[in-house]
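Everything on this sheet refers to the single structure shown next.
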Amino acid sequence: MTQYVAEQFTAEEADILRRYFTNLDRPVFALVNLPEVVKGALFARYSRSAKSLRRLFLDEFVGELDISGDLTIDATVGLRRAEELYDRVFFEYGDDSVAQLGGVHLACEQASNILTKVLEWGRLMSYLEQSTRYIDYMARIGGRYRYYRDPQVGESPLSGRYVSDMDRMFESYGRLLPRMADFYRQHTPKDDRSSDFAYRQAVQAKALDSVRGVLPAATVSNVGIYGTGQSYELLLLRMRAHELPEVQDYAAMMLAELRKVIPSFLKRVDLADRGVAWTGYLSDVQESMESVVDYLVPPDTAADEVPTVQLVDFDPDAEVKMVASMLYPYTHLPEEQLEREVEAMSVDDRFSVMRAYVGNRTNRRHKPGRALERPYYRFDILADYGAFRDLQRHRMLTLEWQKLSTRHGYTRPSAVDAAGCAPQFDEVMERSSALYDLLQRDFPEQASYAVSFAYKVRFAMTLNARAAMHLIELRTTPQGHSVYRGIGQDMWRLIRDEAGHPVVAEMMKFVDLTEEPSLGRLEAERKADLRRHVREQA
């Protein structure tokens, strides 16, 4: 059972690709010798395409570029000049800040949906991940369904069961998708305001949203990453300490490709007293925590019944401190004195300060200043893994999650019930749970591969009011997925009512509290269609 499918290219295609990609046959590779805007555009297109990045480049980008000056370049052999340039300053003098000044666009393909969450852990990196909303996962890779095949499981007696169950889960996904598309077409007919293209896109997005829950966490995805040398170094050290073999193997592939582009920045990864010691420290902490948790909080401890979204910590005096922080840059007074001044103000006066500070926000992209970073909130959330994947990509916060399992049950979209597809959906959940239990005995780390996206995972988010404004306003828009829309709406209500912060709540004027629309993406697709039409007419 091979892990990855190697892409096939003609001799002419390979001749072009080797000028811009650090290898042609592995799932991890860096992008070089391309304008930054082309790299960014490639990654943007990547997230909504079933194609690999190299194939996407050949099919949609290379015809628009002048590549005549790059005929002698071969990026697959590495870039020695980078090492000569940075060695003296970075390696000899140990100036970490130098490693923040060089960056790499790295394509990470055929990564499981367990691995993608590890890749997207770092705050100081940028990511674009393949979307389950825009891509039909029935498109195969090398004739195989798009799921990760773990070598250890593949060499065990469970190999046949693993492949068989995974194939059947994907087959169920393939059967459910057209049924849900038909359901949405029947219940939300096309109107005169929508073009055929916009309507088709909205129906397809809604159908894909409805059935993504049956996909297993082993489903492979493509992730485009941009980060500095320092960020990659920290990511690799964490990956090397991870317990999942896929993560460790992927770290080795990433290191090999990154060293072709920024070798000096990554020399310390293999040094016994630096990277090796750091990885050892992380592994030791992991082992000690597992040991102490097994002793103090046994795995069979029953979990309390709690709401889906729970506000577990906040500062009762946050609004006073926030208003004082708003005033601070405009006065000459010390902060404690300003807080006393604010405490003596009426509620109306505090609102007047807030409204002046926030200004006239005409869209959600208008962000108020850093005084909003004074209040903080910690939410404990139990939601399906599909929604968690979307929320986990927010980086200006602290997010921690528990291991994915089937213990918390699953979410079945109401539309699946209405379409008469509940029995087929539940059958996949039963198959997922049975395979998880089977793998858990011999392969506890790999068992999560079997868990469908519809199963729930518990995670905690700690964020300030400024980050909460961004997350809640973005995730409650009508085109958002119903599950994370509901989470965002609950977070806003908890800030207003349970924390008792009406000033903070009022600032979030673009929170959408409406019910789920029948075709959430239809209005967005109409606008996109109009932009395409205007561009074509120009």
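The values are calculated or read from the model by the stated rules, or taken from the named source; none is laboratory data. This is a predicted model, so every value here is computed, not measured. Don't worry about glycine lacking a Cβ; one is built from the backbone with ideal geometry, like all the others, and counts go over all protein chains shown. Calculation scope for accessible area: heavy atoms of the full protein, side chains included, ligands and nucleic acids excluded. Shrake-Rupley method; radii C 1.70, N 1.55, O 1.52, S 1.80 Å.
Structure data summary
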quantity	calculated
For the chain, the fraction of alpha-carbon pairs in successive 10 Å shells from zero, as %	3, 15, 24, 26, 20, 9, 2, 0
Value at 222 nm in deg cm²/dmol, rounded to 500, when DSSP H runs of n ≥ 4 in the chain each add -39,500 (n - 2.57)	-13500 deg cm²/dmol
Tally of Lys pairs whose C-alpha atoms are under 16 Å apart, taken over the chain, 8 or more apart or cross-chain	7
Convex hull of Cα atoms in the stretch 362-405, direction-averaged projection (nm²)	4.5
From the C-alpha gyration tensor of the stretch 264-354, square roots of 5λ in Å	46, 28, 11
Convex hull of the stretch 316-435 built on C-alpha atoms - directionally averaged projected area, nm²	12.0
Carbon + sulfur, % of accessible area of the chain - ligands and nucleic acids excluded, 1.4 Å	50
Percentage of interatomic Cα-Cα distances in the stretch 101-254 larger than 26 Å	41
The stretch 137-193-the stretch 299-342 distance, computed between alpha-carbon centres (Å)	45
Estimated inter-spin distance, Leu438 and Val62, nm [label 7 Å along Cα→Cβ]	4.2
Largest-first ordering by accessible area, 1.4 Å probe, given options Arg407, Arg493	Arg407, Arg493
Residue among Ser482, Gly500, Tyr449 farthest towards the positive dipole end of the stretch 424-515, charges placed on Cβ	Gly500
Estimated distance in nm for a label pair at Thr10 and Thr301, the labels positioned 7 Å out from Cα along Cα-to-Cβ	6.2
Efficiency of FRET between Thr462 and Phe197 - r from beta-carbon atoms, R0 60 angstrom, step 0.05	0.90
FRET efficiency for Glu171 and Glu341, using Cβ-Cβ distance with R0 set to 60 Å, rounded to 0.05	0.35
Alpha-carbon spread of the stretch 434-479, three principal axes, descending order, Å	45, 24, 11
Inter-label distance for Lys367 and Arg355, nm, one decimal - labels placed 7 Å from Cα along Cα-to-Cβ	2.6
Leading residue at positive end of dipole, the chain (Cβ point charges), from Leu311, Gln337, Met125	Met125
Cβ-Cβ FRET estimate between Val293 and Trp401, R0 fixed at 25 Å, reported to 0.05	0.95
Alpha carbon centroid spacing (whole Å) that separates the stretch 377-423 from the stretch 2-19	37
